[in-house]
Every structure is written in structure tokens, then in C-alpha cells.
Amino acid sequence: MKAVILESYVMEPGDLDWSGVKALVPDTVSYVRTAYEEIAPRIGDADLVLLNKCRIDENILAQCPNLKWVGIIATGTDNLDLEVCRRHGVAVANVPGYSTYSVAQMTFSLLLAICQCAERYNRAMKAGHWQLDIPAEYGLLPQMELLDKTFGVYGYGSIGRQTARIARAFGMKVLVCTRTVRPEYAEDGVEFVDVDTLLARSDVLSLHCPATPATRGLINAGALAKAKPGMILLNTARGALVDEEAVADALQSGQLAYYGADAFGTEPLPQDSRLRRLPNAILTPHIAWTTKEALQRLMDITTRNLRTWLEGSGEHIVNG
């Protein structure tokens, strides 16, 4: 049995502990930052591959006939053609839930950076400024209290639900738009609404859904025109949910007050992206999931996925 690890991370090599995987499959080789044209040659005749942000499609599988199992080192399956994998007899396992608390925490890190400017005040103070003497170039805003503001959540999986809990702890009213309202949500203290109501009433709108044909480009010029003027938009989910040019237009016009994002349509975000130049865009390089606790959960579940598959069952198979 031979395994290949294709890492494509914002972290340094070695940040993930692969000892559990290598104990299960000693014949394992690792690569970092694998381009599409390198995927098939690197997999070669391997039986197993563990990867993130690497595309697996008909072209790749046609060149890798020995492949039997793909372990996604992530939750999202956007980069894999699951039906093609199923047709080739390749089982695909993902890692659900490992980053729920870390991503929800980053969502509010972005919101608090917008509403209270702590990092900008810190830089200004260390440069010798104080209160009303802080120059405009630090980009300070009138601080905003979250109490009684309306927090909108699009997508109510584990991360959306945890984000809603945090919003309620701040004293915010929470609106939720989700495809399925489950009985267990009845005690959550949130109001379920349609997407137009969500846009019209939210002071802050936070995205927490996967990128699917139904949600790609969800936040476009038309949606932004329906939004409450001066809304804050947060995206710690998937870059494909957002038309970034439309968001840049809305930031410049004032229809959006601020955009806080940890995910982008093209990653890394291109240097010529308008978002990089806008003072009312707070951007982080897709790192919400990289707390040490989340990474440990990621590796624990990844190793268990592989072990259970080798034992003949298999956990978290998404194309069974």
C-alpha cells in the first residue's frame, strides 16, 4: 500500500503532524504546494492520496488507475468531482466540523476589527498618538456597539450556528436563512427568514454556506442593491459566494460600509484586486481554520478516516 500527501497550505511545511498517517501506511511521500499539472505525476501508482486544494477529476483519475481512496484534509469538497470518483471506484472522505469554533471566532475577529479598530488604535498609540490626535490615515471609524444590532446568517451548518450563538451573546438579534429548518433549531432564539428579508434587515451579514451551483455568486450587484444601506458583510466561508467586483463597487458607493473576508474567488487574492486598495475592506489570507487546536482535530479525524477505511468500513465517506 502506497500513499501520497499533497499539501497546499498557507502554513509552513511541517505544521501538520502526519505521524499517525505514516504509522498506518509507512510507504508515504509528501509534497507541498502542488500545481494541477503535477497532481497526476505525483500520485502516480499510489493507492491513497491525502490532499487539500488540489483538483481531482476525470483527467487525473484516468492517469492514476491504482487510486482507491482520497482523504480531503478539509471539510469542503469543491475541488473534487465526486461523481467521477464514485464511477472510478474511488472513495472520498472529508473532515467535517474540525474548524467550527476557529472559523466562528475569526468571523467575530473581523467584525470587532471593523467595529472597534483595536489593531489600528494599537498602531496609532505605539506611534505616539492619543485619542483625538490620531491622523486619518489610520482608518479609524466611529466605534459601533453590537448590542441590539441585527446579525444575519446565511447557511446554518455547524459554523453558522456557532456564529449565531456568539452574536446572541453580544446581545444581537439573529436572522437566519437556511435551506432546511430542523426541529432542534427551535430553542436557538433566532428568526428564520428568506434571503431578501435577510438582506434588507441585517446590519451585519455573515456567510456560512458551501459553494454550490445555487450559492455561487450569491452576493452580487442585485443582492447588494437589496441590502440594508451601510451593511457590514463578512465572508469566512467560500470566495465563490461573492462577486468581488460588485462588493468593491458597493464599498466605494457606501451601500456596504465594510467587507471582512477570509476567503476569496482566486487564492491568493490577486495583487491587482480592488479589495486590496479599499480602506473599508479587512482581509485575512484564508487562515481562520489554522488555530493549533483546529489543526490537531484535523489530523486526528484524517487519521481516523484512513484507519477505518483500511479496516473495511470508512468514516465520513462523501460519495458512497
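The values are calculated or read from the model by the stated rules, or taken from the named source; none is laboratory data. Treat the numbers as computed from the prediction; the structure is a model and nothing was measured. Methodologically, a virtual Cβ is constructed for each residue, glycine included, from the backbone with ideal geometry; neighbour enumeration extends over all protein chains shown. Accessible surface is based on the protein model in full, side chains and every heavy atom, while ligands, DNA and RNA are left aside. Shrake-Rupley method; radii C 1.70, N 1.55, O 1.52, S 1.80 Å.
Summing +1 for each Lys or Arg and -1 for each Asp or Glu, what net charge is found among the other residues whose Cβ lies under 10 Å from the Cβ of Thr197? In short, -1. Only protein heavy atoms count here; on that basis, with a 1.4 Å probe, Phe108 has an accessible area of about 10 Å². Considering only Val84, Val70, Val204, the Gaussian network model of the chain with Cα springs below 10 Å gives its largest mean-square fluctuation to Val84. Pull out a ≥ b ≥ c, the square roots of the eigenvalues of the alpha-carbon gyration tensor of the stretch 69-209, then state rounded if a/c is under 1.5, prolate if not and a/b is larger than b/c, and oblate in the remaining case. Taking the square roots of the gyration eigenvalues as a ≥ b ≥ c, the stretch 69-209 is oblate.
Computed on protein heavy atoms with a 1.4 Å probe, the accessible areas place Arg277, Arg179, Arg168 in the order Arg179, Arg277, Arg168, largest first. Cα centroid distance between the stretch 190-229 and the stretch 244-320, in Å? Cα centres, the stretch 190-229 to the stretch 244-320: 18 Å. In a simple Cβ point-charge model (Lys, Arg +1; Asp, Glu -1; nothing else charged), the chain has a dipole of about 340 debye relative to its Cα centre.
Taking all protein chains as shown and a probe of 1.4 angstrom, Glu58 keeps an accessible surface of around 80 Å².
When both the stretch 101-162 and the stretch 13-79 are represented by their alpha-carbon centers, they are found 38 Å apart. Starting from the Cα gyration tensor of the stretch 137-296, take the square roots of the eigenvalues, sort them a ≥ b ≥ c, and report rounded, prolate or oblate (rounded when a/c is under 1.5, otherwise prolate if a/b is larger than b/c, else oblate). Since a/c stays below 1.5, the shape of the stretch 137-296 is classed as rounded. A simple rule links phi to the HN-Hα coupling: the Karplus curve 6.51 cos²θ - 1.76 cosθ + 1.60 with θ = phi - 60°, which for the stretch 177-189 gives 10, 9, 5, 10, 9, 8, x, 5, 7, 4, 8, 7, x Hz, with x for Gly and Pro. The angle separating the long axis of helix 244-253 from the principal Cα axis of greatest extent in the chain is about 10 degrees. Taking amide hydrogens as placed 1.01 Å from N in the peptide plane, the amide H of Tyr156 sits under 5 Å from those of Arg179, each at least 5 positions away in sequence or on another chain.
Compute the angle between helix 292-310 and the longest alpha-carbon principal axis of the chain, please, reported from 0 to 90 degrees and rounded to the nearest 10. The angle comes out near 30 degrees.
Put simply, the amide H of Ile282, placed in the peptide plane, has neighbours under 5 Å in Tyr259, Gly260, Ala261, leaving out anything fewer than 5 places away on its chain. The alpha-carbon of Lys22 sits under 22 angstrom from the alpha-carbons of these lysines, leaving out residues fewer than 8 places away in its chain: Lys2, Lys53, Lys68, Lys292. Under the classification rounded if a/c is under 1.5, otherwise prolate if a/b is larger than b/c and oblate if not, where does the chain fall, given a ≥ b ≥ c as square roots of the Cα gyration tensor eigenvalues? It comes out prolate by the Cα gyration axes.
From most to least packed by mean Cβ count within 10 Å, the peptides 16-23, 151-158 give 151-158, 16-23.
Subtracting the Cα-Cα distance of Tyr36 and Arg168 from their residue separation scaled by 0.36 nm leaves 43.2 nm. Sorted on the mean count of surrounding Cβ atoms within 10 Å across their residues, most packed first, peptides 122-135, 230-243 read 230-243, 122-135. Taking each residue as 0.36 nm, the span from Met1 to Thr308 lengthens on full extension beyond its C-alpha to C-alpha distance by 109.0 nm. Axis of helix 158-169 versus longest Cα principal axis of the chain: the two differ by about 30°, to the nearest ten degrees. In the chain, helical runs assigned H by DSSP with n ≥ 4 each contribute -39500 (n - 2.57); averaged across all residues and rounded to the nearest 500, the mean residue ellipticity at 222 nm is -9500 deg cm²/dmol. Taking Leu278, Leu198, Leu110 in turn, the Gaussian network model of the chain (Cα-Cα springs below 10 Å) assigns the largest fluctuation to Leu278. Per-residue accessible area (protein heavy atoms, 1.4 Å probe) orders Tyr138, Tyr121 as Tyr121, Tyr138, starting from the largest. Maximal additional length on extending the Glu293-Asp133 stretch stands at 53.6 nm, based on 0.36 nm per residue less the C-alpha distance.
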